[in-house]
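Since the structure comes first, as structure tokens, the remarks are kept for the end.
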Amino acid sequence: AIPTQSLLQKWLREKHKIELSVYRSMEMPSGKKYGCEVERWIDGNTEDLGNLYTFTYEEALEQGLIEALKMIP
């Protein structure tokens, strides 16, 4: 079975302490631009794993999930 994006995001947060935050970064002439911040919690501190920028919310979330999965040892 393939999990939904929501279940994958929850699993990353609960099992691997990796948080994804999608946010609106700026208005562009061709549409809204969104970013996705990927962070990992280690001993109460966060490790920034990167920011990704795309043109839709869905693309930002998808790219964030892909990058987060790459960070799992």
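Bear in mind that the values in this text are calculations on the coordinates, not laboratory data. Everything numeric here is computed off the predicted structure, so don't read it as measured data. No Cβ is skipped: glycine too gets one built from the backbone with ideal geometry, and neighbour counts run over all protein chains shown.
How far is helix 5-16 tilted off the main Cα axis of the chain, in degrees rounded to 10, range 0 to 90?
Approximately 40 degrees, to the nearest 10.
Within 10 Å, count the other beta carbons around each residue, average over each peptide in 62-68, 13-19, and list them highest first.
62-68, 13-19
Of LEU20, LEU61, LEU52, which has the largest mean-square fluctuation in a 10 Å C-alpha GNM of the chain?
Checking each option, the largest mean-square fluctuation is seen for LEU52.
By what distance, in whole Å, do the Cα atoms of the chain stretch along each of the three principal axes, largest value first?
41, 33, 16
Once you keep just the Cα pairs under 8 angstrom separated by 6 or more residues, what percentage relative contact order results for the chain? Numbers along the way, then the final one.
On the way: 114 pairs, mean separation 20.3, N = 73.
Once normalised by length, the contact order is 28 percent.
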